[in-house]
1. Under 5 Å between amide hydrogens, which residues at least 5 positions from Thr419 or on another chain qualify, with H placed 1.01 Å from N in the peptide plane?
2. Given charges of +1 on the Cβ of Lys and Arg and -1 on the Cβ of Asp and Glu, with all other atoms neutral, how large is the dipole of the stretch 206-346 about its Cα centre, in debye to the nearest 20?
3. Taking the solvent-accessible surface of protein heavy atoms with a 1.4 Å probe, what is the per residue accessible area of the stretch 41-138 in Å²?
4. Report the antiparallel proportion of the DSSP beta bridges in the chain as a percent, rounded to a multiple of 5.
5. For the chain, what's the relative contact order in percent, using C-alpha pairs closer than 8 Å and at least 6 residues apart?
6. Taking the square root of 5 times each eigenvalue of the Cα gyration tensor, what semi-axes in Å does the equivalent ellipsoid of the stretch 368-427 have, largest first?
7. May I ask for the Kirkwood hydrodynamic radius of the stretch 23-94, worked out over all distinct Cα pairs and given in angstroms to one decimal?
8. Quick one: go through the stretch 332-373 and flag any residue whose amide nitrogen is under 19 Å from the point 7 Å out along the Cα-to-Cβ line of Asp437.
Amino acid sequence: MKNIPHRMILSEEQMPTQWYNLRADMKSLPDPMLNPGTLKPIRTEELYPIFCEELAKQEMDTATPYIDIPEEILDVYKAYRPSPLNRAYALEKYLDTPAKIYYKFEGGNTSGSHKLNSAVAQVYYAKKQGLTGLTTETGAGQWGTALAEACAYFGIGLDVFMVKASFQQKPYRKSIIQTFGANVVASPSSTTQVGRAILEMDPDTTGSLGCAISEAIEKATTTPNCRYVLGSVLNQVLLHQSIIGLESKKAMELLGEYPDIVIGCAGGGSNLGGLIAPFMRDKLLGRKNPYFIAVEPASCPSLTRGRYAYDFCDTGKVTPLAKMYTLGSGFIPSPNHAGGLRYHGMSPIISKLYHDGYLDEARSAEQTRVFDAAVQFAKLETILPAPESAHAIRCAMDEAVKCKETGEEKTILFGLTGTGYFDMAAYTAYLEHTMTDYIPTDGDLQPGFDSLPKIPGIQD
Ligand SMILES: Cc1ncc(COP(=O)(O)O)c(C=O)c1O
């Protein structure tokens with residue numbers, strides 16, 4: 001029996017100093033992003049009006065495997081990283097499983113989630129370019145909080161468009177974003193043209209990440225010296241989030257462990273992409289063969305029921321077109337409590353890996369089953385998980401139970417992306433049995449698919 005601690009925390013010196021760019025090792029790259037005007041593959045310079053230059057370069061870099069993390073970013077990372085890799089001894093015991101369950105806990109920073117890893121990087125590059133303002137969208141509020149925190153640190157103004165459903169469910173998210181000095185409005189809002197147009201069509205809409213992205217982009221492109229930043233989906237965000245996987249792999253190596261199964265919840269795919277990155281490298285290079293599982297809500301099933309197609313990343317149809325698993329940018333998911341997983345599309349990198357069979361499985365989970373797992377986990381592991389993270393917990397528990405049935409001693413690693421202290425309305429709904437499970441019918445999904453763009457010669 002190895003003596004494995006409950007919490008394994010690397011030292012500051014052991015923290016990775018480079019991000020890993022998965023695309024450099026992919027056998028076949030994601031299809032190129034298209035300019036929505038010309039429908040031709042987009043060039044790096046064409047992204048400069050939306051993203052800051054260094055991030056546009058990272059977005060398009062398919063060749064450089066390792067990219068140095070600037071000192072200034074490492075300095076902020078060191079305030080809250082390396083993050084712990086925990087062994088879920090109590091959960092294993094409760095499940096009476098021979099499986100070993102590990103989780104990488106990213107909720108230990110003030111913002112409460114992994115989102116800070118990319119927020120710090122994006123704000124640093126914006127500041128370096130001399131920008132004075134940023135805009136963004138936020139679903140669950142985790143990304144808006146993380147970005148507000150990073151903007152406060154580097155001294156840049158921020159406007160956050162927060163999906164209305166979350167804005168109403170989580171008033172304290174709004175307060176914390178404001179505490180860091182950022183401006184926050186419920187989306188769709190009347191402060192942008194696109195917001196007003198969406199409200200005119202559906203005044204009672206609870207919003208979506210896609211709507212909020214459209215508003216944030218409009219604000220950025222109509223404000224001088226301002227750019228838009230996105231907390232997920234993009235290649236640059238997966239790059240920054242690779243720190244999660246790199247730390248996990250190093251810690252597991254020091255423990256003499258390697259995961260048989262790696263599990264992540266999937267909204268836009270950034271934590272999943274970051275967690276699996278170095279393990280996926282092993283698989284791509286034929287060194288190891290871990291089994292990868294993405295978990296999404298049954299109410300917003302982009303990987304499990306979506307189409308692999310070119311689509312807009314936003315509802316207002318102003319972003320570049322990306323080839324990804326999507327429910328259509330016109331799809332407005334039901335107000336599920338895992339707000340951060342309510343996105344119509346999926347990272348093009350994750351989509352491609354799934355399409356090519358390297359990401360082995362995508363699973364969807366209904367929210368009451370997700371909260372069963374969340375509550376059980378909280379009692380045993382003393383961390384109150386975010387509803388998004390609890391999707392991964394649900395799947396890890398299910399896999400551990402399977403191990404009990406088969407007697408296999410598998411090593412399971414999952415990403416615990418954040419804490420759920422601002423999600424108490426969701427926990428209350430679960431405890432009071434008012435939470436419902438909504439699974440869209442094929443008919444419900446059809447209008448979203450009908451909204452997919454037609455691209456002559458590529459997509460009819
Ligand atoms: C705690 C938490 N986990 C996961 C996600 C999903 O995002 P992604 O798929 O980009 O990791 C979010 C998004 O808001 C989140 O807040």
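1. Close amide H contacts, sequence-distant or interchain: Ala386.
2. With Lys and Arg at +1 and Asp and Glu at -1, about 260 debye.
3. Working: 3500 Å² over 98 residues.
Accessible area per residue, the stretch 41-138: 36 Å².
4. 35
5. 19
6. In descending order, the three semi-axes are 23, 11, 9 Å.
7. Values: mean 1/r = 0.0622 Å⁻¹.
Radius from the Kirkwood sum: 16.1 Å.
8. 334-339, 341-342, 362-373
The values are calculated or read from the model by the stated rules, or taken from the named source; none is laboratory data. These numbers were taken from a predicted model, which means no experiment stands behind them. Quick reminder, even Gly has a Cβ in these numbers, built from the backbone with ideal geometry, and neighbours come from all protein chains shown. Just the protein is used for accessible areas: all its heavy atoms, side chains included, with ligands, DNA and RNA removed. Shrake-Rupley method; radii C 1.70, N 1.55, O 1.52, S 1.80 Å.
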